[in-house]
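The values are calculated or read from the model by the stated rules, or taken from the named source; none is laboratory data. Just so we're clear, the structure is a prediction, and the values are computed from it rather than from any experiment. Cβ sites come from the backbone with ideal geometry, for glycine too, and all protein chains shown count toward neighbours.
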Amino acid sequence: MEGRYHFSVGHEIGHWCLHRPYLANAGTQADMFTDGEPQPAVICRTSQAKERIELQADRFAACLLMPSRLVQKCFDPTRYQSLTRSEIIDYVVPNLAGDFAVSRSAMRIRLENLGLLQVDHSVEQYQLTNY
């Protein structure tokens with residue numbers, strides 16, 4: 001749960017760094033600092049289709065919490081080549097997630113985005129990328 005919290009905080013920092021000028025210009029954002037009912041201009045929602053600014057904030061959080069150079073340094077494909085797909089998910093991803101203090105799903109997605117872990121979408125299983 002703590003890893004998910006870290007990612008959520010990184011995501012919101014991403015909004016602050018990337019989207020602050022857009023939010024500052026939205027008239028309803030000023031309402032957040034008054035006694036009236038706040039009506040935020042941007043609302044984060046869980047859905048399959050994320051808005052572009054949500055994807056940007058997610059990417060910012062991933063880069064902030066799991067820098068590519070550090071992840072690549074910690075993830076040695078030659079060390080894991082003998083593992084089955086199940087073992088990769090059960091062992092490698094949780095250990096790396098713990099090392100970076102993020103959730104397992106955040107680490108899995110980061111490994112996929114860095115090209116270190118591929119998904120077989122037909123069976124939703126994972127495998128290492130061969131170099």
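Structural remarks
- Every pair of residues 6+ apart whose Cβ atoms lie under 6 Å, when the first sits in the stretch 89-113 and is on the phi < 0 side of the Ramachandran plot while the second is assigned to a loop (DSSP other than H, G, I, E, B): Phe100/Met66; Arg110/Met66
- Boolean, Asp99 is modelled with pLDDT of 90 or more and crowded, with 17+ Cβ neighbours inside 10 Å: no
- Scan of the stretch 26-82 for residues that are at pLDDT below 85 and among the β-branched types (Val, Ile, Thr), ordered by number: Thr28, Thr34, Val42, Ile43, Thr46, Thr78
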